[in-house]
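Working notes, beginning with the structure itself.
The values are calculated or read from the model by the stated rules, or taken from the named source; none is laboratory data. No experiment lies behind these values; they were computed from the predicted model shown. For neighbour counting, all protein chains shown are included, and Cβ atoms are generated from backbone atoms with ideal geometry for every residue, glycine included.
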Amino acid sequence: MGLELYLDLLSQPCRAVYIFAKKNRIPFELRTVDLLKGQNHSDDFVQVNPLRKVPALKDGDFTLAESVAILLYLARKYEAPDHWYPQDLQARARVDEYLSWQHTALRMSCTRAMWQKMMFPVFLGQRVPPETLANTLAELDRCLQLLEDKFLKDQDFLAGPHISVADLVAITELMHPVSAGCDIFKSRPKLAAWRQRVEAAVGEDLFREAHAVLMKAKDLPPADTAVKERLKPLAQLFL
Amino acid sequence: MGLELYLDLLSQPCRAVYIFAKKNRIPFELRTVDLREGQHLSDAFAQVNPLQKVPVLKDGDFVLTESVAILLYLARKYKVPDHWYPQDPQACARVDEYLAWQHTALRRNCLRALWHKVMLPVFLGELVSPETLAATLAELDMALQFLQDKAFLTGPHISLADLVSCLHHAPVFKGRPKLAAWRQRVEAAVGEALFQEAHEVILKAKDSQPADPTLKQKMLPKVLAMIQ
């Protein structure tokens, strides 16, 4: 059995891994793990990742969790072009810096924004207090400002003149609130231009393919009671 | 000007960077940024890091934030022994996996444990309910299952992963013998003297002077946001 990638394209980090693997023509078996259906709790999947999270990688007997770790493993094993994770010490440090910062910054606010604006009301039929949503969007705005000021600055991409794994991780995050109708690029021309460059570098078809599931999330039929119960603890994290 | 490291040893990621640099005899100028004095909020420090956080590395004109990025930069630039961040792809991936995971799991829980147990009551004069504290420590236990039966977090040798984990807090190790044993091994691998030196500040944290009211006002919202 060759490389297997356990993904749910609803999830931001899964999209980053998917795009990277496809873009670099890395041969893999896609194992879809539907989070909303609770497939991450199946006995089979728990063998792959006891933490029950996606993305997860299985390469022979070797299993690996955490999208950042997976991206770097793939980049090294399949000798992806240098710009994805540059050899240059300082350029690489810039990528590492972004990959580290985003865990507790952009990730949280993008996930919360998407869930509070869309998944709670539409899918779970749960009201989100307007103040909560307002706070979340304010925090998202703050992170986007940092993204522009600290990372992007006047560069073409987040870590320099070329696209890297940092850009993949970032763009897939930003598409999350976009799918919920948060027009974050509207008042941010710098970020909008960066987005265009990333999409062009990835390839529009692949970008669209990776985001198909996400963009259809708003059309999901409301969850039944069993699903709502099961998702309760997860949902609490996002409020 | 050579390598400068802006640190407050009160902060766990700063201790990780400090221990790593000292252990590997990396020459650097220590620039102490006293968080309890609010020095990270100063205009001078904002010039170094507009995010007002530590640790920060300054190597000539190159400024780098995020402890994980700093550790990796130092490991590569100073060509430290392989076990810290192995060349072997799978061993390396294990360290990457831990370094990624700990941001939102262990690190956050340790931070909360510290603030709930010590800093909020002592330094900022805010009391925390025993239930909140118990909940935090319970999460910590869950997070520590990563260790399993290995000598160190990601394998048989100490790596960056072991450094970024919270290593202080005697109350945390009580009743957790596996964890206590791991901590002993980390201390031995790092060297007792260096380990004690790095932890001096945090071990005295409970004797902190209460913050002055102006500083408290500035810090409390940021702290509460940080540990939510």
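Here are some notes:
- Selection of region A:65-92 for residues being within 7 Å of chain B (Cβ to nearest Cβ) and closer than 21 Å to A:E173 by Cα yields A:A65, A:E66, A:V68, A:A69, A:L72, A:Y73.
- Residues of region B:173-194 that turn out to be in a helix (DSSP H, G or I) and at pLDDT below 85, as a count: 5
- Among the conditions (1) more than 13 Å from chain B (Cβ to nearest Cβ); (2) in contact (Cβ under 8 Å) with a residue 40 or more places away in the chain; (3) among the charged types (D, E, K, R), A:R127 misses just one, which is (2).
- When residues in region B:83-108 are screened for being crowded, with 20+ Cβ neighbours inside 10 Å, free of Cβ contacts under 8 Å to residues at least 24 places away in the same chain and more than 7 Å from chain A (Cβ to nearest Cβ), 0 of them pass.
- Check on A:K37, under 16 Å from the mean Cα position of the chain (by Cα), at pLDDT below 95 and more than 21 Å from A:D156 (Cα to Cα): no
- Positions within region B:49-60 being more than 8 Å from chain A (Cβ to nearest Cβ) and at pLDDT below 95, in sequence order: B:N49, B:Q52, B:K53
- Whichever residue in region A:14-43 is touching a strand residue (DSSP E or B) at 6+ places or on another chain (Cβ under 9 Å) and either assigned to a helix (DSSP H, G or I) or in contact (Cβ under 8 Å) with a residue 60 or more places away in the chain (or both) and, among such residues, is surrounded by the most Cβ atoms within 10 Å (Cβ to Cβ): A:V17
- Taken as a whole, the condition of being more than 8 Å from every other protein chain (Cβ to nearest Cβ), of a type in the set (V, I, T), without any contact (Cβ under 8 Å) to a residue 24 or more places away in the chain and outside any helix (DSSP H, G or I) does not apply to B:V80.
- Breaking point among (1) in contact with a strand residue (DSSP E or B) (Cβ under 7 Å, 6 or more places away or on another chain); (2) more than 8 Å from every other protein chain (Cβ to nearest Cβ); (3) without any contact (Cβ under 8 Å) to a residue 40 or more places away in the chain; (4) of a type outside the set (A, V, I, L, M, F, W, C), for B:T65: (2)
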